[in-house]
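Have a look at the structure below, then the notes.
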Protein chains: 2
Amino acid sequence: MIKTARYLPYIHTFLVAAQCKSYTQAAEKLCITQAAISQQMRTLETHLGQPLFYRQGRSMALTQAGELLASQCQPAIEQISSAIAQLQPQPIAGELRVSSSPSFASRWLMPRMWRFSLAHPDISIQLHTSSRRMSSESRSQLGSGEIDVEICLATDDTRNLIEHNLFTGPVYPVASPFIGKQITSPETLLNYWLIERENERHFSWENWFKQLGIDMCLANPSQLQVISLDNALSAVCAGHGVCFGVHQLVQDLIAKGDLVQAHTHCFDQQLTFAAYYLSQTRKQARIQCFLDWISHEVSVQAGQADDQTILSSSV
Amino acid sequence: MIKTARYLPYIHTFLVAAQCKSYTQAAEKLCITQAAISQQMRTLETHLGQPLFYRQGRSMALTQAGELLASQCQPAIEQISSAIAQLQPQPIAGELRVSSSPSFASRWLMPRMWRFSLAHPDISIQLHTSSRRMSSESRSQLGSGEIDVEICLATDDTRNLIEHNLFTGPVYPVASPFIGKQITSPETLLNYWLIERENERHFSWENWFKQLGIDMCLANPSQLQVISLDNALSAVCAGHGVCFGVHQLVQDLIAKGDLVQAHTHCFDQQLTFAAYYLSQTRKQARIQCFLDWISHEVSVQAGQADDQTILSSSV
DNA sequence: CTTTATCATAAGAATTACTTATAGTAGTCA
DNA sequence: TGACTACTATAAGTAATTCTTATGATAAAG
C-alpha cells in the first residue's frame with residue numbers, strides 16, 4: 001500500500017468515471033479536463049498492470065478487473081467520506097443545544113430570544129435548564145455532544161472548554177415596589193421574609209447584614225430557602241418578602257416596575273455569568289454567532305441601565 | 001469528497017503515524033522525511049479544521065477526532081488495499097496449475113519436469129490431464145482461474161486467450177523394434193493390430209493407407225480404437241501392433257530404442273501443440289517463465305532429433 | 001463522405017510535495 | 001541546574017507531479 005497510496009486520488013477519479021461511463025462527464029463532475037482524467041486512468045492502469053476500461057463506441061465500459069475494483073472500493077471511499085464529514089466544521093446554519101441556569105434562561109434569555117430568531121433565522125436553538133454552576137453532568141453532556149453550550153456562573157476549571165464571559169454584575173436585595181416603599185433602613189428588611197438560595201455561603205442574608213455590621217440573629221427573622229433564584233424572584237414579584245438578584249437578571253423587572261432595589265448596599269463580590277463550549281466543537285462558527293449576539297444584547301442592556309438604576313458600591 | 005480526494009494519501013500517512021504514535025517512526029516506515037510527515041499532518045488538520053494529534057512528551061497522542069478518524073478509515077484503507085492486491089500481477093514465484101493432454105503430459109512433460117524444478121525452484125507446478133483438444137470445460141476452468149495454462153492441440157478459437165505454440169510435428173506410424181524389423185512394405189503393416197484414436201477423422205489408418213493408394217478394407221485388418229494416444233503408445237511399446245505418433249512425443253522413445261518409426265510415410269498434415277492462458281491473467285510473468293522453459297526444451301530436443309530420425313515428407 | 005462526439009497523447013505551465021537546515025520543546029542524566 | 005538527547009515544527013528551495021492546451025485518433029451518426 002505504501003507505493004499505492006499516492007494513487008488513492010486516482011481511485012476516487014476511477015469511481016466517478018466508472019459511474020459516468022464517460023471521461024468527459026467525469027471531468028465535468030470533478031471540474032478538471034478530460035485529458036487529466038485520461039492520464040490519471042492510464043497511470044492507474046499502468047500501476048495496476050491491466051486495463052480498467054475498454055472503449056465502447058462513444059463511451060467507456062468497465063473490464064472485469066474494473067468492475068471488481070469499483071465494487072470493492074466504492075463502499076470504502078464512502079466510509080472515509082463519512083468519517084471526514086463527521087469531523088469537519090459545521091456551517092453557521094443549523095441547530096444549537098443550549099443549556100442554562102434557570103434564572104438566566106427565564107429572566108434574561110427567553111425574553112430576548114425573539115430578537116435572536118429575527119437576526120438569525122437559520123439557527124434554531126434548543127434550550128434546556130440545568131444548574132447554576134458547572135456540574136459534572138454538564139461537562140459530560142458537553143463532552144458527548146448532547147449539549148453545545150452551557151451558560152452558568154463562571155468556573156475555574158475550564159479543561160477542554162472555551163470560556164466566553166457574558167457579564168459581571170453586582171448582587172443586591174430586591175423587593176416588590178409595595179414592600180420597597182416601606183423599607184427605610186436595613187433593619188426594616190428583617191420584618192419581611194428573607195428569601196435566599198439554599199446551600200449558599202457567600203450570597204446569604206447573614207453575610208449581607210454582617211457586611212453592614214448588623215447581627216441579624218438577634219432579630220430572629222423569617223427565612224425561606226429556595227432551589228433557584230428564579231423561584232425567589234417569582235415570590236418577590238408577588239409581594240412575598242425580599243431576595244437577592246444579580247443586576248443584569250433583575251434589571252428588566254426593575255425597568256418594568258415589577259421590582260425595586262430594596263437597599264443600596266451590594267455584596268462585596270460580584271457574579272460573572274459565562275458560556276462554555278468544547279474547545280474541539282465542530283459547531284464553533286454557529287456557537288460564536290450565538291455568543292456574539294448575547295454580548296451585543298448585554299451591551300444594549302448596559303446602555304439602558306445607565307438611566308434607571310441606583311446601585312451602590314459594596315463598601 | 002471532491003475537495004478531499006487529494007488528501008487521501010495524507011489519510012494513509014495519518015494511519016501509519018497513528019499506529020506508530022511518532023512522526024519519526026512513520027517517516028522510516030514510509031521512506032520519507034519526518035518533515036514531510038509533519039507537513040502532511042498539518043495540511044490534513046487544516047483541511048479537517050481540527051487537530052488530530054497532540055504532543056505528549058516525546059510522542060504524539062491522538063485527539064478524540066484523531067481516534068475517530070483512525071477507527072473508521074483503517075478498515076476502509078485495508079479494503080482498498082485488498083481490492084488492489086486482487087488485481088495486481090503476481091510475482092514469478094508461486095504456483096501454476098497446468099492442464100495437459102494425457103500424451104503430452106506423460107510422454108513429454110513429466111520426463112522433463114525435474115529439469116524445470118532445478119531451473120525454477122520457486123515455481124511449483126500442479127499438473128492435471130484433460131483432453132487432447134480445447135474443450136468448453138477447459139475454457140471454463142481457465143476463465144475461473146482453476147487452471148492457469150492449458151496445453152493441447154492448437155485451436156482456432158482463442159477468444160480471451162493468449163496462444164503460445166509449443167511445436168509442430170509430423171505424424172507417422174510407430175512400432176516396437178521387434179515388429180519394426182519385420183515390416184518391409186506398407187502392406188505388411190496390415191498383418192498387425194492397427195491401433196488408432198477413436199473418433200479420429202484425419203489421423204486414421206484408413207486415411208494413411210489411402211494417402212499411399214492402398215485400400216486397407218480389402219485386407220480386413222485387425223483394428224483397435226483407444227481413448228488416448230498415450231494408451232496406444234503403451235500397447236505398442238509392449239509389442240502389440242502399431243499406432244501413430246507425433247514426432248516430438250515419440251522421439252524420446254525412439255532414441256531409447258523402445259520404438260521405431262514403422263514407415264517413412266508421414267500424414268499430409270502435421271500437428272501443432274500449443275499452450276493457452278487467459279489474456280488478463282495476473283500470473284503472466286510466471287506463465288511466461290514456464291512456457292519459455294518449454295520452448296527451450298523443445299529446441300534442445302530438436303537439436304537431438306537431427307542425429308537420429310529417418311522421417312520423410314508426406315508426399 | 002462529412003460532421004460530431006469522445007478518448008489519447010505530447011508538450012509546457014502551474015502546483016504540489018518533498019528535502020535540507022534549523023528552531024523549538026520536552027525528557028533524561030550527571 | 002545545565003548539557004545533552006529525542007522529537008516535532010517551520011522556512012526556503014528543489015524536484016516531481018499534475019494539470020492545461022492543442023491536436024491526433026477512433027467510432028458513430030447523418
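The values are calculated or read from the model by the stated rules, or taken from the named source; none is laboratory data. Here the structure is a predicted model, which means the values were calculated and not measured. Here Cβ is always computed from backbone atoms with ideal geometry, including for glycine, and neighbour counts include all displayed protein chains. Heavy atoms of the whole protein, side chains included, go into the accessibility calculation; ligands, DNA and RNA do not. Shrake-Rupley method; radii C 1.70, N 1.55, O 1.52, S 1.80 Å.
The conditions are (1) within 16 Å of DNA strand C (Cβ to nearest atom); (2) within 8 Å of chain A (Cβ to nearest Cβ); (3) not in a helix (DSSP H, G or I), and B:Pro89 fails exactly one of them. Which is it?
(1)
Which pairs do you get when a residue that is in contact (Cβ under 8 Å) with a residue 12 or more places away in the chain, found in segment A:65-90, comes within reach of a residue that is open to solvent by 20 Å² or more (accessible area, probe 1.4 Å) and basic (Lys, Arg), reach meaning Cβ atoms under 6 angstrom, with the pair 6+ apart or on two chains?
Note: pairs meeting the criteria are A:Pro89/A:Arg282; A:Gln90/A:Arg282; A:Gln90/A:Lys283.
If A:Glu95 satisfies all but one of (1) away from DNA strand C (no atom under 12 Å from the Cβ); (2) within 14 Å of chain B (Cβ to nearest Cβ); (3) open to solvent by 40 Å² or more (accessible area, probe 1.4 Å); (4) in contact with a Ser or Thr (Cβ under 8 Å, 6 or more places away or on another chain), what's the number of the condition it fails?
(2)
Kindly list the number of the only condition in (1) within 16 Å of DNA strand D (Cβ to nearest atom); (2) modelled with pLDDT of 90 or more; (3) closer than 30 Å to A:Gly143 by Cβ; (4) of a type in the set (A, V, I, L, M) that fails for B:Ala35.
Here B:Ala35 clears every test but (3).
Go over the candidates A:Gln225, A:Gln301 one by one and state the one that is farther than 20 Å from A:Phe178 by Cα and open to solvent by 20 Å² or more (accessible area, probe 1.4 Å). Give the steps one after another, and end with the answer.
Working: A:Gln301 fails: open to solvent by 20 Å² or more (accessible area, probe 1.4 Å).
The match here is A:Gln225.
Report yes if some residue within segment A:36-48 is away from DNA strand C (no atom under 12 Å from the Cβ) and in contact with a helix residue (DSSP H, G or I) (Cβ under 7 Å, 6 or more places away or on another chain); otherwise report no. Full working, then the answer.
Taking segment A:36-48 first, the residues away from DNA strand C (no atom under 12 Å from the Cβ) are A:47-48.
Those left that are additionally in contact with a helix residue (DSSP H, G or I) (Cβ under 7 Å, 6 or more places away or on another chain): A:47-48.
Yes - at least one qualifying residue is present in segment A:36-48.
Name every residue in segment B:67-88 that is open to solvent by 40 Å² or more (accessible area, probe 1.4 Å) and either among the charged types (D, E, K, R) or in contact with a Phe, Trp or Tyr (Cβ under 8 Å, 6 or more places away or on another chain) (or both), in order of residue number.
B:Glu67, B:Glu78
Just the residues that are near DNA strand D (Cβ under 6 Å from one of its atoms) and free of Cβ contacts under 8 Å to residues at least 24 places away in the same chain, please, taken from segment B:19-32. It would help to see each step written out before you state the result.
Within segment B:19-32, the subset near DNA strand D (Cβ under 6 Å from one of its atoms) is B:22-24.
The one that is near DNA strand D (Cβ under 6 Å from one of its atoms) and free of Cβ contacts under 8 Å to residues at least 24 places away in the same chain: B:Thr24.
Test of understanding: among A:Ile147, A:Ile80, which residue is touching a helix residue (DSSP H, G or I) at 6+ places or on another chain (Cβ under 7 Å) and part of a loop (DSSP other than H, G, I, E, B)?
A:Ile147
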